[in-house]
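Colleague: First the structure, which I've put down as C-alpha coordinates, then a few questions once you've had a look.
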Amino acid sequence: MTCMSFFTIIVNAQKWQNTSEKYKDAHKKYWSTTCPVLKDSIHHFVYFAQDRESIINHPLLFHPRFEGAQIMYAWKDLEPEKGQYDFTRIEEDIAYLEKYKKKLFIQLQDATFNTDYNAVPNYLTTREYDNGAVLQYDDNGKPEGWTAKRWNIKVQERFALLIMALGNKLDSRIEGINLQETAIGVSYENDSSFTEEGYVQGLKNNMLALKKAFPISTTMIYANFIPGEWLPFNDKEYLKSIYEYGEKIGVGLGCPDLMVTRKAQLNHALAQMHENKFSVPLGIAIQDGNYIGKTGADHDYNEQTDVASNTRTNLVPLLHAFAKDFLKINYMFWVNQEPYFKEDVLPCFSN
(Lines give C-alpha, C1' and ligand atoms only; values in the text may rest on other atoms or scores of the structure.)
Protein backbone atom coordinates (compact mmCIF):
# COMPACT_ATOMS: atom_id res chain seq x y z
CA MET A 1 0.00 0.00 0.00
CA THR A 2 1.39 3.41 -0.97
CA CYS A 3 1.60 6.33 1.43
CA MET A 4 -0.92 8.23 -0.69
CA SER A 5 -3.52 5.45 -0.61
CA PHE A 6 -3.04 5.01 3.13
CA PHE A 7 -3.51 8.76 3.61
CA THR A 8 -6.68 8.63 1.50
CA ILE A 9 -8.08 5.83 3.63
CA ILE A 10 -7.42 7.81 6.82
CA VAL A 11 -9.08 10.94 5.41
CA ASN A 12 -12.10 8.99 4.19
CA ALA A 13 -12.42 7.28 7.55
CA GLN A 14 -12.43 10.64 9.30
CA LYS A 15 -15.09 11.97 6.95
CA TRP A 16 -17.15 8.81 7.46
CA GLN A 17 -17.04 9.27 11.22
CA ASN A 18 -17.79 12.97 11.16
CA THR A 19 -20.85 12.54 8.94
CA SER A 20 -22.79 11.01 11.81
CA GLU A 21 -21.76 13.78 14.17
CA LYS A 22 -22.57 16.83 12.09
CA TYR A 23 -25.34 17.93 14.45
CA LYS A 24 -23.92 16.70 17.74
CA ASP A 25 -23.19 20.25 18.93
CA ALA A 26 -26.23 21.95 17.40
CA HIS A 27 -28.02 22.09 20.74
CA LYS A 28 -25.22 24.06 22.41
CA LYS A 29 -26.40 27.22 20.71
CA TYR A 30 -29.58 27.06 22.81
CA TRP A 31 -28.14 26.20 26.23
CA SER A 32 -28.33 29.80 27.39
CA THR A 33 -32.08 29.98 26.72
CA THR A 34 -34.05 30.56 29.89
CA CYS A 35 -37.64 30.71 31.08
CA PRO A 36 -40.14 32.06 30.38
CA VAL A 37 -40.95 30.59 26.97
CA LEU A 38 -42.22 33.59 25.09
CA LYS A 39 -45.42 33.50 23.08
CA ASP A 40 -44.86 32.27 19.52
CA SER A 41 -46.70 30.80 16.53
CA ILE A 42 -46.20 27.17 17.61
CA HIS A 43 -49.32 25.21 18.52
CA HIS A 44 -48.69 23.74 21.97
CA PHE A 45 -50.60 20.65 23.10
CA VAL A 46 -50.31 18.37 26.13
CA TYR A 47 -49.85 14.67 25.36
CA PHE A 48 -51.69 12.15 27.57
CA ALA A 49 -51.12 8.88 25.66
CA GLN A 50 -54.16 6.72 26.55
CA ASP A 51 -54.62 8.32 29.97
CA ARG A 52 -57.59 10.36 28.77
CA GLU A 53 -59.08 10.65 32.25
CA SER A 54 -56.19 12.90 33.25
CA ILE A 55 -57.53 15.77 31.16
CA ILE A 56 -60.23 16.30 33.82
CA ASN A 57 -59.42 19.55 35.62
CA HIS A 58 -55.91 19.50 34.15
CA PRO A 59 -53.99 22.84 34.25
CA LEU A 60 -53.95 23.01 30.44
CA LEU A 61 -57.68 23.77 30.54
CA PHE A 62 -57.00 27.08 32.27
CA HIS A 63 -53.75 28.01 30.53
CA PRO A 64 -53.90 30.25 27.45
CA ARG A 65 -50.67 28.91 25.93
CA PHE A 66 -51.90 25.34 25.54
CA GLU A 67 -54.43 24.81 22.77
CA GLY A 68 -55.59 21.38 23.81
CA ALA A 69 -54.83 17.71 24.43
CA GLN A 70 -53.27 15.00 22.30
CA ILE A 71 -54.80 11.64 23.20
CA MET A 72 -54.08 8.18 21.83
CA TYR A 73 -56.96 5.91 20.77
CA ALA A 74 -56.39 2.26 19.90
CA TRP A 75 -57.76 0.81 16.68
CA LYS A 76 -59.40 -2.08 18.54
CA ASP A 77 -61.34 0.33 20.77
CA LEU A 78 -62.60 2.34 17.81
CA GLU A 79 -63.63 -0.75 15.83
CA PRO A 80 -64.65 -3.38 18.39
CA GLU A 81 -66.37 -5.47 15.68
CA LYS A 82 -65.62 -5.57 11.97
CA GLY A 83 -67.17 -2.53 10.33
CA GLN A 84 -68.79 -1.38 13.57
CA TYR A 85 -67.24 1.83 14.86
CA ASP A 86 -67.46 3.31 18.32
CA PHE A 87 -66.15 6.85 18.70
CA THR A 88 -67.84 7.47 22.05
CA ARG A 89 -64.58 8.19 23.89
CA ILE A 90 -63.48 10.66 21.26
CA GLU A 91 -66.83 12.45 21.31
CA GLU A 92 -66.70 12.69 25.10
CA ASP A 93 -63.20 14.15 25.02
CA ILE A 94 -64.10 16.66 22.31
CA ALA A 95 -67.13 17.80 24.29
CA TYR A 96 -65.17 18.14 27.52
CA LEU A 97 -62.33 20.11 25.94
CA GLU A 98 -64.74 22.38 24.07
CA LYS A 99 -66.19 23.53 27.39
CA TYR A 100 -62.81 25.14 28.03
CA LYS A 101 -62.32 26.25 24.40
CA LYS A 102 -59.62 23.63 23.91
CA LYS A 103 -59.11 21.25 21.00
CA LEU A 104 -58.39 17.55 20.55
CA PHE A 105 -55.47 16.13 18.58
CA ILE A 106 -55.86 12.38 17.96
CA GLN A 107 -53.01 9.89 17.84
CA LEU A 108 -54.23 6.72 16.14
CA GLN A 109 -52.69 3.63 17.71
CA ASP A 110 -51.97 0.47 15.73
CA ALA A 111 -48.73 -0.50 17.52
CA THR A 112 -47.82 -1.05 21.16
CA PHE A 113 -44.76 -1.40 23.34
CA ASN A 114 -46.35 -3.98 25.61
CA THR A 115 -46.47 -7.66 24.70
CA ASP A 116 -49.66 -8.05 26.74
CA TYR A 117 -51.56 -5.57 24.59
CA ASN A 118 -52.31 -5.75 20.88
CA ALA A 119 -53.95 -2.60 19.45
CA VAL A 120 -55.60 -4.18 16.39
CA PRO A 121 -59.19 -5.52 16.45
CA ASN A 122 -59.62 -9.21 17.18
CA TYR A 123 -61.16 -9.94 13.77
CA LEU A 124 -57.85 -9.00 12.15
CA THR A 125 -55.96 -11.68 14.05
CA THR A 126 -57.22 -14.36 11.69
CA ARG A 127 -55.87 -16.19 8.66
CA GLU A 128 -57.77 -13.88 6.30
CA TYR A 129 -55.50 -11.01 7.38
CA ASP A 130 -52.38 -13.12 8.01
CA ASN A 131 -52.98 -12.61 11.76
CA GLY A 132 -53.16 -8.83 11.25
CA ALA A 133 -50.34 -8.03 13.67
CA VAL A 134 -46.92 -9.31 14.63
CA LEU A 135 -44.65 -9.10 17.64
CA GLN A 136 -41.97 -6.42 17.70
CA TYR A 137 -38.47 -7.19 18.97
CA ASP A 138 -35.85 -4.94 20.51
CA ASP A 139 -32.16 -4.91 19.56
CA ASN A 140 -31.51 -7.81 21.92
CA GLY A 141 -34.13 -9.99 20.28
CA LYS A 142 -36.60 -9.63 23.15
CA PRO A 143 -40.31 -9.14 22.33
CA GLU A 144 -41.37 -5.59 23.23
CA GLY A 145 -44.86 -5.15 21.79
CA TRP A 146 -47.10 -5.56 18.77
CA THR A 147 -47.61 -3.76 15.50
CA ALA A 148 -50.29 -4.00 12.85
CA LYS A 149 -49.00 -5.49 9.60
CA ARG A 150 -48.86 -2.13 7.90
CA TRP A 151 -47.36 -3.79 4.81
CA ASN A 152 -50.34 -6.13 4.36
CA ILE A 153 -52.76 -4.77 1.74
CA LYS A 154 -55.85 -6.23 3.41
CA VAL A 155 -54.85 -4.68 6.75
CA GLN A 156 -54.28 -1.36 4.98
CA GLU A 157 -57.77 -1.55 3.48
CA ARG A 158 -59.39 -2.06 6.88
CA PHE A 159 -57.28 0.74 8.38
CA ALA A 160 -58.32 3.07 5.55
CA LEU A 161 -61.98 2.30 6.25
CA LEU A 162 -61.49 3.18 9.90
CA ILE A 163 -59.77 6.43 8.95
CA MET A 164 -62.56 7.31 6.52
CA ALA A 165 -65.19 6.69 9.20
CA LEU A 166 -63.23 8.94 11.57
CA GLY A 167 -62.96 11.65 8.93
CA ASN A 168 -66.67 11.56 8.15
CA LYS A 169 -67.42 12.19 11.82
CA LEU A 170 -64.57 14.39 12.95
CA ASP A 171 -62.92 16.35 10.15
CA SER A 172 -62.87 20.07 11.06
CA ARG A 173 -64.07 19.24 14.58
CA ILE A 174 -60.63 18.24 15.82
CA GLU A 175 -57.34 20.08 15.53
CA GLY A 176 -55.61 17.14 13.95
CA ILE A 177 -54.82 13.45 13.77
CA ASN A 178 -51.50 11.65 13.49
CA LEU A 179 -50.36 8.15 12.67
CA GLN A 180 -47.97 6.50 15.09
CA GLU A 181 -44.22 6.37 14.62
CA THR A 182 -42.76 4.48 11.66
CA ALA A 183 -40.11 2.76 13.79
CA ILE A 184 -41.01 -0.88 14.39
CA GLY A 185 -38.99 -3.89 15.53
CA VAL A 186 -39.85 -6.14 12.60
CA SER A 187 -37.73 -7.74 9.89
CA TYR A 188 -38.02 -10.57 7.37
CA GLU A 189 -36.30 -12.85 9.90
CA ASN A 190 -39.21 -12.66 12.35
CA ASP A 191 -42.00 -12.32 9.75
CA SER A 192 -41.53 -13.71 6.25
CA SER A 193 -44.36 -11.53 4.87
CA PHE A 194 -42.41 -8.37 5.71
CA THR A 195 -40.37 -6.48 3.13
CA GLU A 196 -38.78 -3.09 3.58
CA GLU A 197 -40.18 -1.78 0.31
CA GLY A 198 -43.64 -3.12 1.09
CA TYR A 199 -43.53 -1.47 4.49
CA VAL A 200 -42.63 1.94 3.07
CA GLN A 201 -45.38 1.67 0.47
CA GLY A 202 -47.85 0.66 3.18
CA LEU A 203 -46.97 3.77 5.17
CA LYS A 204 -47.60 5.92 2.11
CA ASN A 205 -50.94 4.22 1.49
CA ASN A 206 -51.97 4.98 5.07
CA MET A 207 -50.84 8.61 4.67
CA LEU A 208 -52.92 9.03 1.53
CA ALA A 209 -55.97 7.51 3.23
CA LEU A 210 -55.51 9.94 6.12
CA LYS A 211 -55.34 12.97 3.86
CA LYS A 212 -58.39 11.93 1.86
CA ALA A 213 -60.41 11.43 5.04
CA PHE A 214 -59.27 14.67 6.71
CA PRO A 215 -58.97 17.43 4.11
CA ILE A 216 -59.53 20.15 6.74
CA SER A 217 -58.03 19.04 10.07
CA THR A 218 -54.26 18.78 10.36
CA THR A 219 -52.90 15.37 9.35
CA MET A 220 -49.48 14.05 10.36
CA ILE A 221 -47.32 10.93 10.47
CA TYR A 222 -44.56 10.37 13.01
CA ALA A 223 -41.72 9.37 10.66
CA ASN A 224 -38.62 8.64 12.72
CA PHE A 225 -36.92 5.37 11.68
CA ILE A 226 -37.52 2.75 8.97
CA PRO A 227 -36.51 -0.92 9.39
CA GLY A 228 -33.52 -1.87 7.27
CA GLU A 229 -32.11 1.66 7.09
CA TRP A 230 -29.74 3.53 9.39
CA LEU A 231 -28.68 7.06 8.57
CA PRO A 232 -26.40 8.44 7.45
CA PHE A 233 -24.36 5.37 6.50
CA ASN A 234 -27.03 2.96 5.27
CA ASP A 235 -29.30 5.35 3.41
CA LYS A 236 -31.87 3.59 1.23
CA GLU A 237 -33.90 6.82 1.01
CA TYR A 238 -36.83 5.19 2.79
CA LEU A 239 -37.25 7.92 5.41
CA LYS A 240 -36.46 10.63 2.90
CA SER A 241 -39.21 9.33 0.62
CA ILE A 242 -41.75 9.51 3.45
CA TYR A 243 -40.90 13.17 4.05
CA GLU A 244 -41.05 13.91 0.34
CA TYR A 245 -44.39 12.12 0.01
CA GLY A 246 -45.89 13.96 2.97
CA GLU A 247 -44.93 17.27 1.42
CA LYS A 248 -46.35 16.14 -1.93
CA ILE A 249 -49.81 15.11 -0.69
CA GLY A 250 -50.17 17.57 2.19
CA VAL A 251 -49.64 15.29 5.20
CA GLY A 252 -47.67 16.83 8.06
CA LEU A 253 -44.49 15.24 9.35
CA GLY A 254 -43.22 14.73 12.84
CA CYS A 255 -41.70 12.32 15.32
CA PRO A 256 -41.67 11.32 18.97
CA ASP A 257 -38.74 12.09 21.28
CA LEU A 258 -37.09 15.49 21.07
CA MET A 259 -33.57 14.22 21.76
CA VAL A 260 -31.17 17.04 20.96
CA THR A 261 -27.95 15.19 21.88
CA ARG A 262 -28.50 11.68 20.48
CA LYS A 263 -27.11 10.91 17.07
CA ALA A 264 -29.87 8.45 16.21
CA GLN A 265 -32.61 11.06 16.41
CA LEU A 266 -30.41 13.85 15.06
CA ASN A 267 -29.48 11.87 11.94
CA HIS A 268 -32.99 10.71 11.13
CA ALA A 269 -36.17 12.73 11.63
CA LEU A 270 -34.51 15.83 13.05
CA ALA A 271 -32.10 16.00 10.11
CA GLN A 272 -34.99 15.65 7.66
CA MET A 273 -36.77 18.57 9.27
CA HIS A 274 -33.71 20.78 9.53
CA GLU A 275 -32.30 20.16 6.07
CA ASN A 276 -35.48 20.59 4.03
CA LYS A 277 -38.18 23.19 3.55
CA PHE A 278 -41.79 22.19 4.07
CA SER A 279 -45.15 23.74 3.44
CA VAL A 280 -46.87 21.04 5.51
CA PRO A 281 -46.94 21.27 9.34
CA LEU A 282 -44.03 19.82 11.29
CA GLY A 283 -44.57 18.38 14.77
CA ILE A 284 -42.37 17.14 17.59
CA ALA A 285 -43.39 15.21 20.69
CA ILE A 286 -41.62 15.63 24.00
CA GLN A 287 -42.37 12.22 25.43
CA ASP A 288 -41.56 10.22 28.56
CA GLY A 289 -37.99 10.83 29.68
CA ASN A 290 -37.29 13.67 27.24
CA TYR A 291 -37.44 16.26 30.01
CA ILE A 292 -34.15 14.86 31.34
CA GLY A 293 -32.63 13.70 28.06
CA LYS A 294 -34.00 10.15 28.11
CA THR A 295 -36.61 8.18 26.18
CA GLY A 296 -39.28 5.76 27.28
CA ALA A 297 -36.98 2.93 26.20
CA ASP A 298 -34.34 3.96 28.75
CA HIS A 299 -34.58 2.08 32.00
CA ASP A 300 -31.75 3.80 33.88
CA TYR A 301 -33.85 6.42 35.61
CA ASN A 302 -36.88 6.73 37.86
CA GLU A 303 -38.66 10.05 37.61
CA GLN A 304 -40.10 9.69 41.11
CA THR A 305 -36.85 9.11 43.00
CA ASP A 306 -33.70 9.45 40.91
CA VAL A 307 -33.79 13.10 39.87
CA ALA A 308 -34.62 15.63 42.56
CA SER A 309 -36.38 18.74 41.32
CA ASN A 310 -33.90 21.02 43.07
CA THR A 311 -30.84 19.50 41.36
CA ARG A 312 -31.87 18.86 37.76
CA THR A 313 -31.57 21.31 34.90
CA ASN A 314 -34.85 22.47 33.40
CA LEU A 315 -34.51 21.52 29.72
CA VAL A 316 -37.83 23.03 28.62
CA PRO A 317 -36.40 26.34 27.32
CA LEU A 318 -33.65 24.47 25.46
CA LEU A 319 -36.11 22.02 23.90
CA HIS A 320 -38.45 24.80 22.84
CA ALA A 321 -35.69 26.95 21.34
CA PHE A 322 -34.19 24.00 19.46
CA ALA A 323 -37.57 23.01 18.05
CA LYS A 324 -38.48 26.55 17.08
CA ASP A 325 -35.20 27.68 15.53
CA PHE A 326 -33.39 24.52 14.38
CA LEU A 327 -36.39 22.46 13.29
CA LYS A 328 -38.92 25.19 12.41
CA ILE A 329 -41.65 23.26 14.22
CA ASN A 330 -45.36 24.10 13.99
CA TYR A 331 -46.68 21.74 16.70
CA MET A 332 -45.19 20.70 20.03
CA PHE A 333 -46.75 17.94 22.12
CA TRP A 334 -45.59 18.13 25.76
CA VAL A 335 -46.09 14.86 27.60
CA ASN A 336 -47.98 15.02 30.88
CA GLN A 337 -45.15 13.35 32.84
CA GLU A 338 -44.67 14.29 36.45
CA PRO A 339 -42.97 15.87 38.19
CA TYR A 340 -41.60 17.53 35.06
CA PHE A 341 -44.77 18.93 33.55
CA LYS A 342 -45.81 20.62 36.76
CA GLU A 343 -42.35 21.71 37.90
CA ASP A 344 -40.64 22.49 34.57
CA VAL A 345 -43.16 23.03 31.76
CA LEU A 346 -45.87 25.04 33.51
CA PRO A 347 -43.51 27.57 35.15
CA CYS A 348 -41.75 28.14 31.80
CA PHE A 349 -45.03 28.78 30.03
CA SER A 350 -46.31 31.14 32.71
CA ASN A 351 -44.92 34.63 32.21
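Colleague: Give, in nm to one decimal, the length gained when the segment between Glu144 and Asp171 is fully stretched (0.36 nm per residue of separation minus the Cα-Cα distance).
Modeller: Details: separation 27, 0.36 × 27 = 9.72 nm, distance 3.34 nm.
Roughly 6.4 nm would be gained on extension.
Colleague: Pop out the carbon and sulfur fraction of the accessible area of the stretch 181-276 as a percent, whole number, probe 1.4 Å. Spell out each step's value before the answer.
Modeller: Details: 1740 of 3600 Å².
C and S fraction of accessible area: 48 percent.
Colleague: Shifting gears a bit: Restricting to bridges with both residues inside the chain, how much of the DSSP beta-bridge set is antiparallel, in percent to the nearest 5? Let's see the in-between values first.
Modeller: On the way: 8 of 43 bridges.
Of the beta bridges lying entirely in the chain, close to 20 percent run antiparallel.
Colleague: Asp77 to Lys29: extension gain in nm, 0.36 nm per residue of separation minus the Cα-Cα distance?
Modeller: Details: separation 48, 0.36 × 48 = 17.28 nm, distance 4.41 nm.
Stretched fully, the Asp77-Lys29 segment lengthens by 12.9 nm.
Colleague: Counting each DSSP H run of 4 or more residues in the chain as -39500 (n - 2.57), what helix-only mean residue ellipticity at 222 nm follows after dividing by all residues, to the nearest 500 deg cm²/dmol?
Modeller: That calculation yields -8500 deg cm²/dmol at 222 nm.
Colleague: Gap in Å between the Cα centre of the stretch 96-134 and the Cα centre of the stretch 225-267?
Modeller: Taking the Cα centre of the stretch 96-134 as reference, the centre of the stretch 225-267 is 23 Å away.
Colleague: With a 10 Å cut-off between alpha carbons and a GNM built on the chain, which of Ser241, Ser279, Ser32 moves the most?
Modeller: Ser32
Colleague: Could you pull out every one of the aspartates and glutamates with an alpha carbon less than 15 Å from that of Lys29, ignoring same-chain neighbours closer than 8 positions?
Modeller: Asp325
Colleague: So which of Lys211/Lys240; Lys154/Lys277; Lys22/Lys342; Lys294/Lys342; Lys102/Lys211 end up more than 26 Å apart by C-alpha? Intermediate results must be reported in sequence, preceding the final value.
Modeller: Values: Lys211/Lys240 19 Å; Lys154/Lys277 34 Å; Lys22/Lys342 34 Å; Lys294/Lys342 18 Å; Lys102/Lys211 23 Å.
Violating the 26 Å limit, Cα to Cα: Lys154/Lys277; Lys22/Lys342.
Colleague: Here's a follow-up. Given labels modelled 7 Å from the Cα in the Cβ direction, how far is it in nm from Thr19 to Lys263?
Modeller: Spacing of the two 7 Å Cα→Cβ label points: 1.2 nm.
Colleague: Treating the Cα atoms of the stretch 208-274 as identical point scatterers in vacuum, please give the log10 of the normalised Debye intensity I(q)/I(0) at q = 0.14, 0.24 Å⁻¹, two decimals.
Modeller: One equal scatterer on each Cα of the stretch 208-274 leads to -0.43, -1.03.
Colleague: Among the DSSP beta bridges whose two residues both lie in the stretch 123-239, what percent are antiparallel, rounded to the nearest 5?
Modeller: Numbers: 6 of 10 bridges.
Counting DSSP beta bridges with both partners in the stretch 123-239, the antiparallel share is about 60 percent.
Colleague: Given a 1.4 Å probe, how much area per residue of the stretch 85-226 is accessible, in Å²?
Modeller: Working: 6250 Å² over 142 residues.
So the stretch 85-226 comes to 44 Å² accessible per residue, rounded to a whole number.
Colleague: Then there's this: Residues with amide H under 5 Å of Gln136's amide H, sequence separation 5 or more or different chain, H placed in the peptide plane at 1.01 Å from N; which?
Modeller: Here Glu144, Gly145, Trp146, Thr147 satisfy the definition.
Colleague: Turning to a different aspect of this structure: Using a Gaussian network model of the chain whose springs link C-alpha atoms within less than 10 Å, name the residue from Met207, Met332, Met164 with the highest mean-square fluctuation.
Modeller: Met164
The values are calculated or read from the model by the stated rules, or taken from the named source; none is laboratory data. Computed from a prediction, not measured in an experiment: that's the story for all the values here. Methodologically, a virtual Cβ is constructed for each residue, glycine included, from the backbone with ideal geometry; neighbour enumeration extends over all protein chains shown. When the accessible area is computed, the model is the full protein with side chains, heavy atoms only, and any ligands, DNA or RNA have been set aside. Shrake-Rupley method; radii C 1.70, N 1.55, O 1.52, S 1.80 Å.
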